[in-house]
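See structure below.
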Amino acid sequence: MTPLQRASLSTRRLWMALLLAAAVILGAHTALTIAVSGQAAPEVIAIDTAFAVVLLGVAGWFLGRLRRERQRAAVESLLLDLLSTPRNIRDTATEALRLIDEHRLGEAAAVAIAGEEDGAMRPLAATGYPRGWLETAPAARVETVARETEWKRAKVPHPWVEPVAGRLGGRPWVADIPLRSGSDPIGLLLVASRRPTLLEHRGLRELLAERLGAAFDHAALYEAAYRRERDLEDQEVRRREFIASISHEIRTPLTSIQAFAELLQLDQGALDDTARDLVASLSGGVERLSALVNDLIELGRTSDVPLEPHRRDVDVAHLLREAEATVRPAMMLRGQSFVLDLPIPELHAFVDPRMLEQAVLNLLSNAARYTPAGGAITIQAYPWGEGNVRIEVSDSGPGIAPEERERIFEPYYRVKATERAVPGSGLGLAVARRLVEACGGKIWAEEAATGGARFCIEVHA
Ligand code: ADP
């Protein structure tokens, strides 16, 4: 027995019990009066009867309400599952029809939902209809959905009742239940039956309309979220492919630049001291660029590949000077001032030097790119806390809004305000964080005293 039938049956039993009790009390009172007075006084019988009628009227009204309340609670619990399980729109419609079938709310039912583009409402699930009806069912305009739920004998021809009218005795009872998202109509549930069902109660129909509307709202959100997730996955795959292919493209010319620099270095006589320094700087830069490209290829393949740091005691001042030599030409070209501030010249850290240098270079190259021409860039390093070293890269550029300071370390994330002015991939900081963390350190962004950005790296000494 379904919960709905159980709710009706228990109120019916209560009804019977009440009728029986009223008859017994009335009979006993009349019998007692006759026994005491020795005759059946008509006025006593009249008063008893009037009393019984009023009593039964009140009880009937009360029981009617109780019955509806119980049925409502039963429908509510049935619909709860529909709301609590995430489903797409089609599955929600099928599940709603299964409930209608199982709880005998109707003999045939159809759910129609308005399409996003044309607003035409097409039945997308049906039960009790001839096979193949869904494919040929006519569409209706969503504007034609009534505001209120309705319960009436079908007006034939009704395009969605006609196919089942013959089986349901010509003019079946029909419940028209509009489905809404907020106040906007989104579809219709139509239930047809040979005889009246519980859906003749308006309260029940309204409950069904409200809960089904909410279930379809959930389903639409679920589908949108699912679509978005798939789009993001596609985008991610395309991005990775792009990064992988562009990185391979860059590697080829880099290899030849590296080879020419080595050739020049070998031909000692051809270069004076300044030229030799410049070629050494060029060679070092190309080497680091190759390392970055390798990182990119690795990151494009999978961001889960663990890095293998080779940590050792590293002279931080020396490392920073090397980094300075690499980026100074770019800063000079942009008329930016660059200060390397080492209050304590002897500074050591226990890190992988290649990784730390790459991370610092990424920060310096960002400082140079995001700071306008003529701006100021500073790099500072000093001992911090118990056995740590801090390296800070500050600039006088636009700075980074507090809510963006964590997100900029996500791969491919770029701040909207600056992404047009400065081209980039959104990978530099993600790579820097990976490298610093692989060395056992941490990296974060804050605001510089000048209002620009300050990036801090903290590693073990
Ligand atoms: P890219 O610079 O290629 O976009 P990054 O990962 O290096 O990628 O940086 C992520 C984002 O962080 C940048 O798009 C930029 O918006 C912001 N950013 C990084 N460094 C700075 C800086 N020094 N000043 C202002 N914004 C910065």
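Quick note: the coordinates plus some simple rules give every number you see, no bench work behind them. Because the structure is a prediction, the values reported are computed rather than measured. Every residue, glycine among them, receives a Cβ derived from its backbone with ideal geometry; neighbour counts consider all protein chains shown.
Values as computed for the structure displayed
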quantity: Relative contact order [Cα under 8 Å, 6+ residues apart], the range 134-240, whole percent; calculated: 23
quantity: Note, ³J(HN,Hα) from phi for the range 196-203, Karplus 6.51, -1.76, 1.60, rounded to Hz, x at Gly and Pro; calculated: x, 10, 4, 5, 5, 7, 4, x
quantity: Sequence ranges 191-197, 327-333, ranked by mean other-Cβ count within 10 angstrom, highest first; calculated: 191-197, 327-333
quantity: Cβ-placed point charges (K, R +1; D, E -1), dipole of the range 361-442 about Cα centre in debye, nearest 20; calculated: 220
quantity: Packing-based ranking, highest mean first, of 130-138, 274-282 given that Cβ atoms within 10 Å are counted; calculated: 274-282, 130-138
quantity: Where the Cα pairs of the range 232-373 fall when distances are cut into 10 Å bins, in %; calculated: 10, 29, 37, 20, 4, 0
quantity: For the range 234-248, Karplus couplings with θ = phi - 60° (6.51, -1.76, 1.60), whole Hz, Gly/Pro x; calculated: 4, 4, 4, 5, 4, 4, 4, 4, 4, 4, 4, 6, 5, 5, 5
quantity: Positive-end extreme of charge dipole, the chain - chosen from Gly441, Ala108, Leu78 (charges on Cβ); calculated: Ala108
quantity: Rounded to the nearest 20 debye, dipole of the chain from Cβ charges on Lys, Arg, Asp, Glu; calculated: 3160
quantity: Amide H partners (placed H, <5 Å) of Ala120, local residues excluded; calculated: Gly115
quantity: Hz values of 3J(HN,Hα) by residue in the range 68-79 - Karplus curve (6.51, -1.76, 1.60), Gly and Pro given as x; calculated: 5, 4, 5, 5, 4, 4, 5, 4, 4, 5, 5, 7
quantity: Other-chain or far-sequence residues with amide H under 5 Å of Ala461's (modelled H); calculated: Phe350, Asn388, Val389
quantity: Ordering of 242-252, 283-293, 99-109 by packing [mean C-beta count within 10 Å, highest first]; calculated: 99-109, 283-293, 242-252
quantity: Separation between Cα centres of the range 210-236 and the range 93-135, rounded to whole Å; calculated: 20
quantity: At 0.692 mPa s and 37 °C, Stokes D of the chain from Kirkwood alpha-carbon radius, µm² per second; calculated: 110
quantity: In the range 313-410, the GluC sites (Glu not before Pro) that fall in loop regions by DSSP, at most 16 other Cβ within 10 Å; calculated: Glu346, Glu386, Glu406
quantity: Amide H within-cut-off set for Glu107, under 5 Å, with H built and near neighbours excluded; calculated: Ala192, Ser193, Arg194
quantity: Per-residue [θ]222 nm for the chain (sum of -39500 (n - 2.57) over DSSP H runs n ≥ 4, rounded to 500); calculated: -18500 deg cm²/dmol
quantity: Ascending count of other beta-carbon atoms within 10 Å, so fewest first, for Tyr226, Tyr413, Tyr370; calculated: Tyr226, Tyr413, Tyr370
